[in-house]
1. Inspect all residues belonging to segment 59-66 and state whether any of them is surrounded by fewer than 13 Cβ atoms within 10 Å (Cβ to Cβ) and either under 14 Å from the mean Cα position of the chain (by Cα) or over 28 Å from Gln6 (Cα atoms) (or both).
2. Which residue, of Leu56, Leu29, Leu41, is surrounded by fewer than 17 Cβ atoms within 10 Å (Cβ to Cβ), closer than 15 Å to Lys73 by Cα and either out of contact with any His (no Cβ under 7 Å at 6 or more places or on another chain) or not basic (Lys, Arg) (or both)?
3. Only residues that are small (Gly, Ala, Ser) and farther than 15 Å from Ile89 by Cβ: list them for segment 8-34, please.
4. Answer yes or no: is there a residue in segment 5-14 that is surrounded by 13 or more Cβ atoms within 10 Å (Cβ to Cβ) and either in contact with a Leu (Cβ under 7 Å, 6 or more places away or on another chain) or of a type in the set (A, V, I, L, M) (or both).
5. So which of Ala115, Ala107 ends up being at pLDDT below 95, more than 13 Å from the chain's Cα centre (by Cα), surrounded by 14 or more Cβ atoms within 10 Å (Cβ to Cβ) and assigned to a helix (DSSP H, G or I)?
Amino acid sequence: MGGGEQLAWQSMIETYLQTREVLRALAILVDVRRGFEEEELLLLRTCHQWKLQPILIVTKCDQLKSNALFNQKVAIAKQMGGDIKRDFIWYSAKEHDGRDELWKRIAGFTGLSDAPVG
């Protein structure tokens, strides 16, 4: 993405976050194979700026073998200063891992007690 296009997206996102009074959380998707990069860290800072709860979803967990996945989880948690089990949703669209946890988190922010699961 070019510099001008990136600034346009950033401006659009900031406007959206400023004007959505009912917005409580922001889902931040991160590829497990690369971890948090500058774009995700910027979104995380934006969450703190606008008092939004970040939902940290680490995707493509099915792409790594179990030892490599464990090592990457440890590295990501260390990078972000978070707890592996509490602060991240380790997600696999292929295997549906993390889906129930994601729905529970979303339901917690919306006040919905009967979010679809399964």
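The values are calculated or read from the model by the stated rules, or taken from the named source; none is laboratory data. Just so it is clear, the structure is predicted and the values come from calculations on it, not from any experiment. With ideal geometry, Cβ positions are generated from the backbone for all residues, glycine too; neighbour counts draw on all protein chains shown.
1. First, pick out the residues of segment 59-66 that are surrounded by fewer than 13 Cβ atoms within 10 Å (Cβ to Cβ): 65-66.
Now drop any that are not either under 14 Å from the mean Cα position of the chain (by Cα) or over 28 Å from Gln6 (Cα atoms) (or both), which leaves 65-66.
The answer is yes, given that some residue of segment 59-66 is surrounded by fewer than 13 Cβ atoms within 10 Å (Cβ to Cβ) and either under 14 Å from the mean Cα position of the chain (by Cα) or over 28 Å from Gln6 (Cα atoms) (or both).
2. Of Leu56, Leu29, Leu41, the one residue that is surrounded by fewer than 17 Cβ atoms within 10 Å (Cβ to Cβ), closer than 15 Å to Lys73 by Cα and either out of contact with any His (no Cβ under 7 Å at 6 or more places or on another chain) or not basic (Lys, Arg) (or both) is Leu29.
3. Within segment 8-34, Ala8, Ser11 qualify.
4. Yes, segment 5-14 contains at least one residue that is surrounded by 13 or more Cβ atoms within 10 Å (Cβ to Cβ) and either in contact with a Leu (Cβ under 7 Å, 6 or more places away or on another chain) or of a type in the set (A, V, I, L, M) (or both).
5. Numbers: Ala115 fails: assigned to a helix (DSSP H, G or I).
Unique residue meeting the criteria: Ala107.
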